[in-house]
Amino acid sequence: MDDHLTIAGKTFRSRLIVGTGKYRTMEEMVAAIEASGAEMVTVALRRLDLDNPNEKTILDYIDWNKYAILPNTAGSRTAEEAIFTARLARSMGLSDWIKVEVIPDPKYLLPDPIGTLEACRTLVDEGFVVLPYIHADPILARRLQEIGCATVMPLGSPIGSGRGIFTLEEIQIIIEQATVPVVVDAGLGVPSEAAKALEIGADAVLVNTAIAQAEDPALMAEAFRLGVEAGRKAYLAGRIPAKEYASASSPLGGAARRSRS
C-alpha cells in the first residue's frame, strides 16, 4: 500500500521524525536513528560548536545521503534569533527547510505564538520551507497555514515532559481544519501515545527525549516506529464507533432457539 507522508512536495515513507538531542553518546544516537526507520532528523543548530572546525558535531555522525536534515531554531528566544538561525543554516548549505521554535521561557519551554508567527512570515517570504512548533492552538495553526507554512507542529505536552497528549481535543480541531500535514511534536513518552496521535489523524510525530533518554534508545526507537505504523494503519482502517452500552460480538439467536427445544 502506497501511503506516504508528503511535505512541501517531498515524500517520506516514515511518519516518525526524530531528534538528536540528549543522547548519552553519539553511538547511541546513530543506533537509535537507524532503528527508528525515520527519514527526517532534526538538529538544533544553535547547540552545535561551529567555532572549532576540527571538532566533530552531530552533523558529522549523520549520513546526509540517507536522512533529510531538518535544522531547528531551538534556543531562540525571539523571532529575530530564529530568523538569524534559519539564515545561518541556509548560508552553511545545510537546508532551506527549517523547524521554527521561538521559546522565551526557560522554565516551561512553551512556544511564543506571536514571535513564532512573526518569524514564520519572514522566513516564508524568504523562500524557506517552514515547519513551526506551536502550542495546540487551532487559530494560530490556521494563521500559519494561511501564510504558507509547510506543516504545523502542535505540542502534546511540554518539551521533554513525557506526559503524553494533554492537548488531544485541540489537536483534533487542528487536524479537522488542516490544509497541511499536522505533526504532533513534544511530550510523547511511550509508543502508545505516538500511536494515539496517528489514530486520530495526525500525519506524523516528532520524538526526541523519549527515545534518547530511554534505558535502551535503539529498542525504544524501534518501538516508536512500530507504534507509528500501527496508529496510521488503525486510522486508515477506520475504528468502530464508541457505544454507551455493550454489543455482543457473537449472535445469540441460535442458542436461544436450541434452549427452548
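A short reminder: the numbers here are calculations on the coordinates, not readings from a lab. Computed from a predicted model, the values in this text were never measured in an experiment. Heads up, the Cβs are rebuilt from the backbone with ideal geometry, glycines too, and the neighbour counts pull from every protein chain shown.
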* Structure fact -> At R0 = 22 Å the Cβ-Cβ FRET efficiency linking S249 and L226, nearest 0.05, sits at 0.25
* Asked: Roughly how many nanometres apart are two label points built 7 Å out from the Cα toward the Cβ at W64 and R239?
  -> 4.2 nm
* Nitroxide proxy distance, nm - points 7 Å out along Cα→Cβ at E80 and D125 -> 1.6 nm
* Asked: Quick one: W97, W64, fewest Cβ neighbours within 10 Å first, how do they rank?
  -> W64, W97
* Structure fact -> Cα extents of segment 97-174 per principal axis, largest first, Å, are 36, 28, 20
* Asked: In a GNM of the chain with a 10 Å cut-off on Cα contacts, which of L117, L70, L59 has the highest mean-square fluctuation?
  -> L59
* Asked: Hey, what does the equivalent ellipsoid look like for the chain, semi-axes from the Cα gyration tensor as sqrt of 5 times each eigenvalue, largest first, whole Å?
  -> 38, 22, 16
* Taking the DSSP beta bridges in the chain as the whole, what percent of them are antiparallel, to the nearest 5? -> 10 percent
* Asked: What relative contact order, as a whole-number percentage, does the chain give when Cα pairs under 8 Å and 6 or more residues apart are counted?
  -> 19 percent
* **Bins of 10 Å from zero: percent of alpha-carbon pairs in segment 126-261** => 12, 34, 27, 13, 7, 6, 2, 0, 0
* Structure fact -> Ranked by GNM mean-square fluctuation in the chain (Cα springs under 10 Å), the top entry among Y61, Y245, Y23 is Y245
* Using a Gaussian network model of the chain with C-alpha springs under 10 Å, which one of P106, P132, P71 is most mobile by mean-square fluctuation? -> P106
* To do: For each pair in K66/K107; K56/K196; K66/K99; K99/K196; K10/K233; K107/K233, compute the distance between the two Cα atoms and list the pairs where it is over 28 Å.
  => K66/K107; K56/K196; K107/K233
* Structure fact -> I147 and L219 label points (each 7 Å along its Cα→Cβ direction) are spaced in nm at 4.5 nm
* Using DSSP to define loop residues, name the trypsin sites (Lys or Arg not before Pro) in segment 1-77 whose beta-carbon has at most 16 other beta-carbon atoms within 10 Å. => R13, K22, R24, K56, K66, R77
* What is segment 1-155's relative contact order, in percent, from Cα pairs under 8 angstrom and six or more apart in sequence? -> 16 percent
* Separation of segment 1-61 and segment 70-136 by C-alpha centroid, Å? -> 17 Å
